[in-house]
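The values are calculated or read from the model by the stated rules, or taken from the named source; none is laboratory data. From a predicted model like this one, the values you see are computed outputs, not experimental measurements. With ideal geometry, Cβ positions are generated from the backbone for all residues, glycine too; neighbour counts draw on all protein chains shown.
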Amino acid sequence: MTKLGVFIPNFGPTATPDILLAWVRFAESHGFDLAMTSDHVAPTPDVTDLYPSPFYDPFATLAWLGGLTERLELGTTVTIVPYRHPLLVARMANNIDQFTGGRFILGTGVGWSEAEFAAVGVPFRERGRMTDEYLTAITDAWTNDVVTLDGTYVSYRDVATGPRAARAPHPPLWIGGWGPAAVRRTVRFGDGWHPNQLDLEQVERTLRALREEAERQERPVPAFCPRMRAQLTDGDLLETGRPFGRGSLRQIRRDLATLIELGATYVVLDPLADHPRDRLSPNATGRPSPR
């Protein structure tokens, strides 16, 4: 059975502790299985144009929300891997998973803002190679009590990694992105493929590529765990040119059914418009208000 999640905006003027808490309580009480938040470490103008300040750190936020929920899985959509030392990410993920009794999912990506990479002192053009090395380090730290790595970007020796996650052998690791490098990375490291900004033809091509790559690497095919825009309109939109996930309730339900038919194990619904100017206040859009 497909599990439903919801994206919770952990940024912008309406991102307050009260509203973040209201979101997860709404999700847990209305039968959602998962709530996810996004990640930026040093939001530069190109980032804040889309995701206004303030921006709550996803790990701190989810650790706090984990203590205020009982059933809901919590995760990142997505952690920008090159921004943090991989041993720190591995430890934070394991800690949150243990504190929540096995309810954490680490969604990951390579990042896109060249200005933000510059702000944190990370080489933008090497982010793919860094992500691969960091994911190697993270998965190694999740499965070994003591780790050593002599890498291009990080090196360490005889580092203790405990405590372990509650969910064996480690928290689910989802990999975002498109294209050949993302496909190889997902099969090599991931439990799930976590695409965003869905285009159905591209989704179908990438799912075929994942199956072919899994056969080549002799590894299991990762689960399909997309994040789907769910932007409701007053009536049906013309099908020609209609963005996937935008339209009437009937059209959105049909899009969701399509993802389920393609084998999605999770679908994370994202109710936000693409740009802040198109987003209404929480009460105007029907999103939860504090209570």
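Within segment 141-150, is even one residue under 23 Å from Gly177 (Cα atoms) and out of contact with any Gly (no Cβ under 8 Å at 6 or more places or on another chain)? Yes; the residues of segment 141-150 include at least one that is under 23 Å from Gly177 (Cα atoms) and out of contact with any Gly (no Cβ under 8 Å at 6 or more places or on another chain). Listed conditions (1) of a type in the set (A, V, I, L, M); (2) touching a residue at least 40 places away in the same chain (Cβ under 8 Å); (3) in a helix (DSSP H, G or I) are all met by Leu50, apart from (3). Restricted to segment 157-273, the set of helices (runs of 4 or more DSSP H) holding at least 3 residues that are out of contact with any helix residue (DSSP H, G or I) (no Cβ under 9 Å at 6 or more places or on another chain) and of a type in the set (Lys, Arg) comprises 200-217, 249-261.
Among the candidates Trp174, Trp193, which residue alone is crowded, with 23+ Cβ neighbours inside 10 Å, of a type in the set (Phe, Trp, Tyr) and within 18 Å of Glu215 (Cβ to Cβ)? None of the other options fit; the residue is Trp193.
Here the strands (runs of 3 or more DSSP E) wholly within segment 58-156 that include at least 3 residues being of a type outside the set (Ser, Thr, Tyr) and within 19 Å of the chain's Cα centre (by Cα) are 73-76, 104-109.
A single member of Thr233, Thr258, Thr206, Thr240 is hydroxyl-bearing (Ser, Thr, Tyr) and loosely packed, with under 13 Cβ neighbours inside 10 Å, and it is Thr240. Taking first residues from segment 33-47 that are farther than 30 Å from Gly102 by Cβ and partners that are among the basic types (Lys, Arg), no Cβ contact under 9 Å between residues at least 6 apart in sequence or on separate chains turns up.
Annotation note: of Leu259, Leu207, the sole residue that is closer than 18 Å to Ala181 by Cα, under 19 Å from the mean Cα position of the chain (by Cα) and modelled with pLDDT of 95 or more is Leu207. Residues in segment 75-95 that are farther than 18 Å from Ser113 by Cα and either in contact (Cβ under 8 Å) with a residue 60 or more places away in the chain or in contact with a Lys or Arg (Cβ under 6 Å, 6 or more places away or on another chain) (or both): Gly75, His85, Pro86, Leu87, Ala90, Arg91, Ala93, Asn94, Asn95.
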